[in-house]
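What follows is a single structure, written as C-alpha cells, with notes after it.
The values are calculated or read from the model by the stated rules, or taken from the named source; none is laboratory data. Because the structure is a prediction, the values reported are computed rather than measured. Note that each Cβ is placed from the backbone with ideal geometry, even for glycine, and that neighbours are counted across all protein chains shown.
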Amino acid sequence: MSGSGGAVISFDPSILVSYYDSKAGILDSSTSGSSGTGSSSTTAAPPAPWNAAKASTQPSALAQLALAGQNVINPNTALTNVKGASQQYNSLFTLYQGLSALSGLTSQMLSSTATAQSTKQATTAFETGLGQVMSYVNGLNLPNIRITNGSVSNSVSTTNAPATENDTYTTGVVFQGAMNDEVPSFQGTVQFNINITGFQNQVTSIPIDLSQMGSTPRTMPNVVSFINSQLEAAGVTTRFATNMVQPKPETMKINGKTVTLPAGPDQWSFKITGDSVEHVSFSAPATAAAVYVAQTSGNPTATSTSTTSSSSSSSSTTDSPPIQQLVKLQADNSTTSSAPPAAVSLPGLIGASSDEALASTLQVASVGATTTGPDGSVYVVANVTGAIDGMQLQGTQNVALLKYDSAGHLLSAATLGATGSASGYSLAVSATGQVAVAGSVNGSLTVGSSSSSNSASTTQSFVSLFDSTGALQWTQQTNGVGNNQANAVAFGSDGSVYVAGQTQGAMPGGTPSGGQDGYLQGFSSTGTKLFTTEFGSSGTDAATSIAVDGSTVVVGGTENGDGVLRSFTLNSSGPPTAGAVRDLGSLGGGSIAGVAISNGQVIVAGTTGNGSLSAGNVTASYGGGKSAFAAQLDESLSPNSNDAIAYYGGGSGTSTTGTALSVVNGQVYIAGTSTGGLPGLAGPTDTAGSSTGTNEGYVANIDIATGQVQWSQALQGQDGYDHPESIAVDATGASVLDRLGLPDGTLQYTSSQNLTQATSVRAGDQFQIRTSPNGPLATVTISANETPQSLALKIRQAAGFQANVTVVPTGGKEEVKITPETKQGVIEFVPGPSGKDALGPLGIKPGIVMSGSALPTQTQKATTTGVNPSAKPKIPTDYYGLGLDQNFDFTTKAGIKAAQAAISAAMAKVQNAYYNLKNAGQTKLPTSNPSGKVPTYLTNQIASYQNALNRLTGGSSSSSSSSSTGYSSGSAASQLLA
C-alpha cells in the first residue's frame, strides 16, 4: 500500500482480524495470546474450549470416556495455553468439560439407535458424572467467581414445614343445601358424648341428645346452638360453629367437549374451637364394627375404544382417571347391647352403598396395606410419586405412612426418604401403637439402613419401625444377591418384628432352595437382625402373608403354584425351628391374600381356580371359574376335623378374587373383586336393573364353619370399576358420630411440630453451611426431636451468627426463613451426603443466599469508548447458580430432554463466567451462545471494521493502487483503533 510519500507498507490483515475477534470476545482455538501478569485482562485470557473444533473435546467423545468409566472431571485435559493466565480459567474449562460429557450422555439417550441397555448405562454414567461435577463445584475456590450447584437468591426457606399450631378442627362436609334446611343426618336417634379433659386430667362428660331439641328444626345453626348451650352449661371453653363453603362452577370434558357445570348448593361442616388446656374426645353409646376399605375407583385404562360389528365406525370412551379412596362401612354386627342407627352417607359419596359412612380421596399413586390402631385411628401404607401433606420426595417413588382419624382426616404423614424408588406392601401396628412398614426399594433409604450403597437396578427388602408418635426409630435394608422384597410384616409380643417375602438369590444368612424362594426374617425391637431363613421348592415361590402367636409364626404364600402354609417355632436365640407344612394344592393361577391366627386356628384367604383345595370340610361350594376362598385350619397345621373352607364366587364364567383378609374378635372379613353377581349381593344396577359393575368390589363377613355370609356389601367405583386393595376392621369404630363427621377418640387439632414427623427429613440427615468462598463447612445435623425453632438456632450457629434466621408462619406452615445478617453477607447451603441430605426434605434450595441489594445483575452498561489496554480494572466477584440441584427422570423422553436442557443452561452459565472474567471492566457480551440479536453498537463496530478491512485489502477491487483512497496506513490504523 502506498502512503502519501509513495512508500509501500506491508500490512498483515490477520492482525486486524485477531484484534476484531478480540474486541468481539471471539477467540479461535489456535490463538495463543500474550503473556500477562496473572490478572484476567484480555491479553491473558486463553481461548474458550467451546470454540475449538477438536473431536476429543466434543460432547459425544467425552460421553464415551464417561461410559468407559473415566472421571468427567479431569483438570489435566483442560489446561490453558496462555502464559500467565489465571487458574480460574482452567477451573472453568474443567467444569465445562464435565458438563459437556453429561450433555453427550443425554444426547446418546435420545438417539434413535438407543436401546434400553444403552440408556441404562448412560443413565448410570450420568448419575456418576453429575456427582463428580457437583463435588468439584463444592470444592472450587475462585477469587473472582463463586459457583454453586444450586441457585443464587436473597433468601431461602424450609418450604416443607409442619402446620402452624392452632386449636381448631373442621369436619368433612355433613350437609349441602340452604342454611335453614333440616339436615338428614341429624334426624332420628342422635346421641353421643363430648368428653373434656381439663386441668389436672379432670374429665367432664357432656351428653348430647338431639331429641332434647323438641320441635326445633334440626338445622345446622340450631344444632350448633344446642350443642354450645350444653358446653356452656358444663363450664368448658370448647365451642362448635358452622363452616360454610360455596362450591365453584366445575369445568370438565365430556366426549371431547368442555362443559361447565353450575355450582352446587352450599356445603356445611362443623368447626370446633378449643384451647391448649382442654383435650376433647367423642364417644357414642351404641357402636358396631367399622370396615375400612382402601380401594382403586375407576377404569385403570382410563380410555377405551370399541367398534360395533354393524358398522366400521369406532367410538372412544374417555373415563375419569382412577383414584385411590379410603371408604368406611358400618357392618351389621353390633358390639353394644343396642345397635347404632344405620349409616347415612355424607354428601359427595357418588354411588355410595347403604352402609357407606364416608369416603376420602387419597392423594397417592397406590395403596399397599391398611390396618387400625389401638386408639381408633386408621393407618395406610401408600406409594407416592408427588408431594404428600406438603412433603417433597427425594426419589421417583416413595413410601408414605399415613395416619387418619376415624372420620377420615389425615393426622400425620411420614415418608421413608428413598433416594431411588420404593414400594410399600405391608404394615402392622403393635398393642402399644408402634407401626412397622415393609416393602422394597431400589437404591437406599436415608437413615439407619444396613446397606446404604444398594444398586438402583436391584430391588431390595426393607422394614422400618415408627413409634406411637410417628417418629422413625430404625430401618433395616437387606442387600441380597438378587432382587428381593418384603411382602408381609407382623409384631411379636415383645415388640420384635417379623418379615416374610421373596428373593431371587441368597440373602445374608440364608440358604437358597433354588429358583425364587420365600424367606422369613426376624428383628429385635431395636432393629437388630436376629435371623434369616429361606425356604421353598426349586420353582417360583413367594411368602406373601405372616401371622405371629406367641412363639409360633405361620407364613403363607405360593410355591410352584400351590397355596402353602409353613409353621416355625421361635427360639430364644438363633433361627427358628421349621415345623409343619400344609400344602393346600394348586391355586389354579390364584394367590394367598392373607393369614391370621385366631382362637387356636389359622385363617387363610385368597383366590383359587381349583375347587378341590385340601383345607377340610367344604361349607360353601365352589361355583366355578375363579373364586375367593376363606379357610380355617388347626394352628398346628395338621389335618383336623374342625378344618373348613368356604368358597365365595359368582359361578362359572365369572371371576371373583380375594384380595384382602382381616380377622377381628373371631369375625372373618374378606374383600376382593367380581365380574358377576355374588351370593346374596346383587351389586349396583342401572335404571333397567342391569348390573353396572364391569369389575365391582365387595366386602363380606363370612362364618367359615357354616359357610354363611353374615354381612356383605357391594362397592361401586367410577365407571363401573372398583378394586379393593386392603381392608381393616375396628370392632367398635362405627357409630352415629360418622353422621356428624366427628372422630371416635381424642380430637387432634394439628400435626406434630417435630420436623421428622411433619416432613420427610430423618434424624441424622445433614446439610452444610459456609460463609466464605471455599471456606470451612459447618454441618447441621437433624435430631430426632427437631422443631423449626431448634433448627433455626442450629443454622445461626453454623453460619457463625452471620445469618438472620426466623420462624415465620407462611401459608399455614411454620417455615424457617434465612437471609444474610448484613448487606455484604453471603451464605452458601451445601447438601449433605448422598442418602442423608436434609436440604431436599426440608425444601431448602441449595446454593448461595446474599443480600438483595448485592445480587449481581451479571450485565454492564454497553460502552463505545473502547478499552485502555494498559488499564488493570478491579475484577468484581460474580455469582453463578448452575441449577444442578434437582432430580432428573430418565424414564421418559421428556425427562431426558429436561435433563439435557438443565445441563445446557449450566454450560451457558460457565460460558457467562468466562466472558465476564475475560472482559472484566469492559463491555459484557452475550453469555450463552452466538445466536440472537446483535447489539446496535456491535453492529456499527463490525461495519467499521469491515470497511477498514476493505480499504486495507482492496475489498473486491482488483487494483492494488491506493492513490485514490486518500489514506495512508498510519491514518487507516488510527481510524481503526479509535
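Annotations
- Answer residue from region 790-826, given it is among the hydroxyl-bearing types (Ser, Thr, Tyr) and farther than 20 Å from ILE848 by Cβ and is modelled with the highest pLDDT among those: SER790
- Unique residue being at pLDDT 85 or above, within 15 Å of PHE568 (Cβ to Cβ) and out of contact with any Leu (no Cβ under 6 Å at 6 or more places or on another chain) when the list is ALA500, ALA486, ALA490: ALA490
- Residue satisfying condition, being touching a Phe, Trp or Tyr at 6+ places or on another chain (Cβ under 9 Å), at pLDDT 90 or above and in a helix (DSSP H, G or I), within set GLY129, GLY104, GLY98: GLY98
- Residues of region 764-785 include none that is modelled with pLDDT under 85 and touching an Asp or Glu at 6+ places or on another chain (Cβ under 8 Å).
- Residues satisfying the criterion are absent from region 684-701 (criterion: modelled with pLDDT of 95 or more and not in a strand (DSSP E or B)).
Rundown of residues vs (1) surrounded by fewer than 23 Cβ atoms within 10 Å (Cβ to Cβ); (2) more than 21 Å from PRO776 (Cα to Cα); (3) of a type in the set (Asp, Glu), yes/no style:
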position	(1), (2), (3)
SER86	no, yes, no
ALA116	yes, yes, no
GLY129	no, yes, no
SER135	yes, no, no
VAL156	no, no, no
ALA161	no, yes, no
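- Some residue of region 163-170 being buried (at least 18 other Cβ atoms within 10 Å of the Cβ) and under 30 Å from MET244 (Cα atoms): yes
- The set of residues from region 702-752 being among the polar types (S, T, N, Q) and under 27 Å from THR619 (Cβ atoms) comprises THR706, GLN708, GLN710, SER712, GLN713, SER726.
- If you go through region 890-901 and keep only what is touching a residue at least 60 places away in the same chain (Cβ under 8 Å) and exposed (fewer than 13 other Cβ atoms within 10 Å of the Cβ), you end up with THR891, LYS893.
- Residue within region 224-241 that is touching a residue at least 40 places away in the same chain (Cβ under 8 Å) and not β-branched (Val, Ile, Thr) present: no
- Any hit, region 31-45, residues being part of a helix (DSSP H, G or I), assigned by TED's automatic domain parsing to the domain that holds LEU130 and either at pLDDT 85 or above or closer than 25 Å to ALA908 by Cβ (or both): yes
- Flag if SER111 is farther than 20 Å from GLN911 by Cβ, modelled with pLDDT of 90 or more and loosely packed, with under 14 Cβ neighbours inside 10 Å: yes
- Test: residue in region 193-200 that is on the phi > 0 side of the Ramachandran plot and within 40 Å of the chain's Cα centre (by Cα): no
- Listed by position, the strands (runs of 3 or more DSSP E) enclosed by region 537-629 that each have at least 1 residues that are loosely packed, with under 15 Cβ neighbours inside 10 Å and not hydroxyl-bearing (Ser, Thr, Tyr) are 577-586.
- Hey, LEU358 touching a strand residue (DSSP E or B) at 6+ places or on another chain (Cβ under 9 Å), in a strand (DSSP E or B) and farther than 26 Å from ALA431 by Cα or not: yes
So that you can scan it fast, the table gives a plain yes or no per residue for (1) among the β-branched types (Val, Ile, Thr); (2) more than 23 Å from the chain's Cα centre (by Cα):
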position: ARG762; (1), (2): no, no
position: GLN768; (1), (2): no, yes
position: PRO773; (1), (2): no, yes
position: LEU777; (1), (2): no, yes
position: THR781; (1), (2): yes, no
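- In region 174-192, the qualifying residues are those that are buried (at least 19 other Cβ atoms within 10 Å of the Cβ) and in a loop (DSSP other than H, G, I, E, B), and the one that is farthest from the chain's Cα centre (by Cα) is VAL190.
- Selected residue (criterion: farthest from the chain's Cα centre (by Cα)) from residues of region 510-528 that are buried (at least 16 other Cβ atoms within 10 Å of the Cβ) and over 18 Å from THR458 (Cβ atoms): SER513
Residue by residue, here is whether (1) crowded, with 17+ Cβ neighbours inside 10 Å; (2) modelled with pLDDT under 90; (3) of a type outside the set (Val, Ile, Thr); (4) not in a strand (DSSP E or B) holds:
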| residue | (1), (2), (3), (4) |
| --- | --- |
| GLN200 | no, yes, yes, yes |
| PRO221 | no, no, yes, yes |
| PHE226 | yes, no, yes, yes |
| GLY235 | no, no, yes, yes |
| LYS253 | no, yes, yes, no |
| THR258 | no, yes, no, no |
| TRP268 | yes, no, yes, no |
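- With respect to the stated conditions, VAL280 fails to be under 33 Å from the mean Cα position of the chain (by Cα), surrounded by 14 or more Cβ atoms within 10 Å (Cβ to Cβ) and outside any loop (DSSP other than H, G, I, E, B).
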